[in-house]
Amino acid sequence: MTDIRNIVVLTGAGISAESGIDTFRDAGGLWEQHRVEDVATPEGFARDPDLVQRFYDARREAVQKVKPNAAHEALARLDAEWEGDLLIVTQNVDDLHERAGAKRVLHMHGELLSALCSACEARHSWSDTLFDQPACPGCGEQALRPDVVWFGEMPYEMERIYTALRRADLFVSIGTSGAVYPAAGFVRDAREYGARTLELNLERGEGSYWFDESRQGLASHLVPDWVANLLAG
Ligand code: BJW
């Protein structure tokens, strides 16, 4: 492992599951409780903004009541101690990586604790509700929506992600089913650019075949073990 300097870590809903946040596609997950086209597309929002705002308001409230788990803490330790490049690309809209202390985090699917103004395109830190149509603190329009990336929208900071993937010696995917693109394609991109690839997940994800190595188990066990071994050299 001594030849590793630059690392990209991709995280998904599985890393926050043990903190009490529902995943999307597991049994009992969010997409069993809600139709994805109703709550996670721009068209669904245009049809019924109140339904969508209440869906995200409830999740925004819930996320403020949970805590990071051992997997988030291990990645924060990696962030603090790893001297090479590290980018934690999370698909998650919670702030558990940051609350564990990680700094080098990029939210490619946006953040629950942020609101996006459809009128002036400004993003504002937001911990309150949106269903009641508060005014944008920037332009004053009542045009705030959840600052999350829905199907058909462009994820955030793709250039920065691909730059990090090009430089990566190691790509590690944690707690994601590999069902949603472009994130699901990162393993193939990283391989093409010459990185080693490792999957840490409860079960094999859809793109498991593409990884050099796949370990199955709870993120709270797998991630601290992996980080401890990596830092031990
Ligand atoms: C544990 C565990 C434990 C449980 N320990 N593990 C056809 C082909 C290819 C692509 C497309 C296509 N048709 C349409 C597309 C594009 C589309 C897409 O991918 N669709 C698929 C359905 C095929 N993608 C998009 O539209 C994206 N935009 C886009 O492509 O723009 C164009 C573009 C082109 C080129 C370059 C760049 C861009 C946007 C996607 C937006 C996704 N948005 C959501 C909602 C965000 C807001 C919200 O939170 O509500 O993002 S959907 C949802 O899925 C959310 C997640 O981030 C994302 C991924 O889910 P994740 O994290 O993998 O969760 P799960 O539940 O699926 O998996 C959890 C895993 O954890 C499981 O495997 C468990 O086993 C495991 N687990 N407990 C360890 N304790």
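The values are calculated or read from the model by the stated rules, or taken from the named source; none is laboratory data. Just so you know, these numbers come straight off a predicted model, no measurement behind them. Glycine also receives a Cβ, built like all others from the backbone with ideal geometry; neighbour counts cover every protein chain displayed. The accessibility values were calculated without ligands, DNA or RNA, using every heavy atom of the protein model including side chains. Shrake-Rupley method; radii C 1.70, N 1.55, O 1.52, S 1.80 Å.
Tabulated values for the structure
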| item | result |
| --- | --- |
| Options L112, L78, L86: the member that is closer than 19 Å to E61 by Cα and surrounded by 14 or more Cβ atoms within 10 Å (Cβ to Cβ) | L112 |
| Residue ID - most open to solvent (accessible area, probe 1.4 Å), chosen from residues in the stretch 200-233 that are closer than 21 Å to A184 by Cα and away from the ligand (no atom under 12 Å from the Cβ) | Y209 |
| Candidate set: the stretch 89-104, residues that are of a type in the set (D, E) and surrounded by fewer than 24 Cβ atoms within 10 Å (Cβ to Cβ); chosen: the one farthest from T176 (Cα to Cα) | E98 |
| Cβ pairs under 9 Å, 6+ apart, first in the stretch 15-29 and over 11 Å from V66 (Cβ atoms), second part of a loop (DSSP other than H, G, I, E, B) and of a type in the set (S, T, Y) | I15/T176; T23/S177; F24/S177; R25/S177; D26/S177; G29/T23 |
| Helices (runs of 4 or more DSSP H) wholly inside the stretch 1-111 containing at least 3 residues that are in contact with a helix residue (DSSP H, G or I) (Cβ under 7 Å, 6 or more places away or on another chain), more than 12 Å from the ligand (Cβ to nearest atom) and modelled with pLDDT of 95 or more | 70-81, 96-100 |
| In the stretch 185-199, the residues that are over 14 Å from T163 (Cα atoms) and within 11 Å of the ligand (Cβ to nearest atom) | G185, E199 |
| For E61: the one exception among (1) open to solvent by 70 Å² or more (accessible area, probe 1.4 Å); (2) under 19 Å from E111 (Cβ atoms); (3) assigned by TED's automatic domain parsing to the domain that holds T197 | (3) |
| Single unsatisfied condition, G140 versus (1) within 16 Å of the ligand (Cβ to nearest atom); (2) out of contact with any Leu (no Cβ under 8 Å at 6 or more places or on another chain); (3) on the phi > 0 side of the Ramachandran plot | (1) |
